[in-house]
Amino acid sequence: MFRRSFATSIFALSLALTSAHISAQQMAVDAEGHAWWQHAVFYELYPRSFADSNNDGIGDLNGITSRLDYLKDLGVDAIWITPCFPSPQVDFGYDVSDYQNIDPMYGNLQDFDRLVAEGRKRGIHIVLDFVINHTSDQHKWFLDSKSSRTSAHRDWYIWRDGKGPDLPPNNWVSTFGLSAWKFDPLTRQYYYHYFYPEQPDLNWRNPAVEQAMFDVTRFWYKRGVVGFRLDAVDSLFEDPKLTDNPVVPGTDNFGRPNMDEKYNQKLPEVHDVLRGLRKVADEYDAVLIGETYTSTIGELKQYYGERSSELQMPMDMMFATVDKLSAPDFRQQISAINSAGGWPVLLIGNHDMARSYNRYGDGVHNDAIAKLMAALYLTLRGTPILYYGEEIGMENNDPKSKEDVRDPIGKLGWPLEKGRDGERTPMQWNVSANAGFSMARPWLPVPPSAETHNVESELRDPGSVLNFYKRLLFLRHHEESLLDGEYIPLNENSPGVLCYLRRYKNEAVLVVLNMSGSLQKFDVDLAPYGLAGANRSTLLTDMTGELQTGGKEMSIEPFAVYIAKLTK
Ligand code: NOJ
Ligand code: CA
């Protein structure tokens, strides 16, 4: 789907001829210096829930392969598959017991190779999820580590004495509830786990851990993987003195006092590891995406690293969690990320947060709002990551009772914390049994809205959310301004309409998004941007009428999208 031929551009070719030392990384850019992933559309896919080829109720790799044509047709260039490695599935794959294999429930390495090859035929790259903070407690490294205080892998994890009888080493808590320390009676020490007790944290201060984990990435790069999404990077290091975290006002979803996690989150050493992983990635011209939960742009900036030496694609989770349909809030966040100096990475949903359809929907105009949100993150400067099902307006389907919950945090925190099952339900393909996901009962239930919101029905309906996504993604791949244009905010005081230009050379794309439930009047002054008197032609709108133009003033319908091309 990439419009440009990177390595063969005249510019890259002449560089290659003049410098024998040029790396693959430097060559893989277009004439303007953009790498493939900057023009790509990424798609996050939860393998348990995408497509079930052997009808056991759980999605699998062959299921994904069978749906590559759908993804291609949608306009997807790369898929990020959440962990599909062998795992006891306590955290549905985020507890890895072998980093160099495929869990039998998803298939095997041959199925994986076929997925890579079939993806390649269609120009779809494969990105895997690398869980670097912790392993499963069933990983052979941990089994050896816990076997004795002197075992070869003892120091691969974080073992400490308690403060006294029945007292953990300090007050750190697991983000999934309870203490972050588990006592192991065999060796009479505690081990540290920031997530579930079945997910012991690796000791990244041990060079052997670093070496082994770096080698894991090499294994997959050699198998054709183009990059990794790095899980929980904020959590890699802990204060070796185990200083207690300060308690701060309020309580969390588990009813515990809130803590400022200053001694076990975002320690500066994280950046050394990211630089190391990046060096290995550069050997293979690979891309690193980060699960970077930052609270300020300054923090996010650090994840790009000095002179882009860390993650090429740290996710802007602040954008992902604006959580209200507010033009001023989005305007502020977009300006912030555009000032960060790196390439923005934009998403509005993932497997850990309630679906955007519900978070932004008002319960009445949800389809219009889903299109509005799509038009936002697919027309901004940066690389978008879609979450599977977002393109058909899939909604959250939270468990109705505690007995139905599969995600352990939902069991522990019910009813305040219902867990993440709701956003992980099976992809809705058609109106047949189980929405065409599987002939067997799926591992999570399909919501009633699958009757109307499914791929097959929506493909037939020109006004569907899916067809709107397809048109947007087509524009995104074909309009230079949307690919490379600078972001210029317009009408910055408007409370209801988010409006901006993406300007590229002598042309621009104008994006007008009415984030309010009422008709809004607005006008734009294009003269300061050298576009006075430019021709305007509509590229995409979901308004029932054309944009009303009376003199300079225009009106846009509630929750509507208007996208136009401006040419001089
Ligand atoms: C972040 C992942 O996205 C989430 O699903 C998982 O539970 C934790 N990291 C622990 O690996
Ligand atoms: Ca299956």
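The values are calculated or read from the model by the stated rules, or taken from the named source; none is laboratory data. Given the structure is predicted, the values throughout are model-derived calculations rather than measurements. As a convention, Cβ positions derive from the backbone with ideal geometry for all residues, glycine included, and neighbour counts pool all protein chains shown. We work out accessible area using only protein heavy atoms, side chains counted, and drop any ligands, DNA or RNA first. Shrake-Rupley method; radii C 1.70, N 1.55, O 1.52, S 1.80 Å.
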Item to check | Verdict on ASP129 being away from ligand 2 (no atom under 16 Å from the Cβ), under 20 Å from CYS84 (Cβ atoms), in a strand (DSSP E or B) and in contact with a Leu (Cβ under 9 Å, 6 or more places away or on another chain) | outcome: yes
Checklist outcome for this item: Taking segment 524-545 and keeping residues free of Cβ contacts under 8 Å to residues at least 40 places away in the same chain, part of a loop (DSSP other than H, G, I, E, B) and open to solvent by less than 60 Å² (accessible area, probe 1.4 Å) leaves VAL524, GLY530, LEU531, ALA532, ALA534, MET543, GLY545
Next on the checklist: Restricting to segment 317-342, count the residues that are in contact (Cβ under 8 Å) with a residue 60 or more places away in the chain and either open to solvent by less than 30 Å² (accessible area, probe 1.4 Å) or outside any helix (DSSP H, G or I) (or both).
Outcome noted: 6
Item to check | Residue check for ARG114: within 16 Å of ligand 2 (Cβ to nearest atom) and among the charged types (D, E, K, R) | outcome: yes
Checklist outcome for this item: Residue hits (segment 125-147; under 17 Å from the mean Cα position of the chain (by Cα) and open to solvent by less than 10 Å² (accessible area, probe 1.4 Å)) are ILE126, VAL127, LEU128, ASP129, PHE130, VAL131, ILE132
Next on the checklist: Residues that are in contact with a Pro (Cβ under 8 Å, 6 or more places away or on another chain), open to solvent by 20 Å² or more (accessible area, probe 1.4 Å), part of a loop (DSSP other than H, G, I, E, B) and away from ligand 2 (no atom under 16 Å from the Cβ): does segment 217-234 have at least one?
Outcome noted: no
Checklist entry - Which one of these is of a type in the set (Ser, Thr, Tyr) and either open to solvent by less than 10 Å² (accessible area, probe 1.4 Å) or in contact with a strand residue (DSSP E or B) (Cβ under 8 Å, 6 or more places away or on another chain) (or both): TYR388, TYR357? => result TYR388
Checklist outcome for this item: Over segment 422-437, the set of residues closer than 15 Å to TYR388 by Cβ and either surrounded by 23 or more Cβ atoms within 10 Å (Cβ to Cβ) or away from ligand 1 (no atom under 16 Å from the Cβ) (or both) is GLU423, ARG424, THR425, PRO426, MET427, GLN428, TRP429, ALA435, GLY436, PHE437
Next on the checklist: Residue pairs, Cβ under 7 Å, 6 or more apart or interchain, first in segment 101-112 and more than 14 Å from ASN54 (Cα to Cα), second within 16 Å of ligand 1 (Cβ to nearest atom). List them.
Outcome noted: ASN101/PHE85; ASN101/PRO86; ILE102/CYS84; ILE102/PHE85; ASP103/CYS84; ASP103/PHE85; ASP103/PRO86; ASP103/SER87
Item to check | Meets criteria (open to solvent by 40 Å² or more (accessible area, probe 1.4 Å) and within 16 Å of ligand 1 (Cβ to nearest atom)) for GLN110 | outcome: no
Next on the checklist: With in a helix (DSSP H, G or I), among the acidic types (Asp, Glu) and more than 16 Å from ligand 1 (Cβ to nearest atom) as the only criterion, which of ASP69, ASP56, ASP52 stands out?
Outcome noted: ASP69
Item to check | Identity of the residue in segment 72-85, closer than 17 Å to VAL225 by Cβ and either in a loop (DSSP other than H, G, I, E, B) or open to solvent by 10 Å² or more (accessible area, probe 1.4 Å) (or both), that ends up nearest to ligand 2 (Cβ to nearest atom) | outcome: CYS84
Item to check | Condition met for LEU109 (more than 20 Å from the chain's Cα centre (by Cα), within 22 Å of GLY227 (Cα to Cα) and at pLDDT 95 or above) | outcome: yes
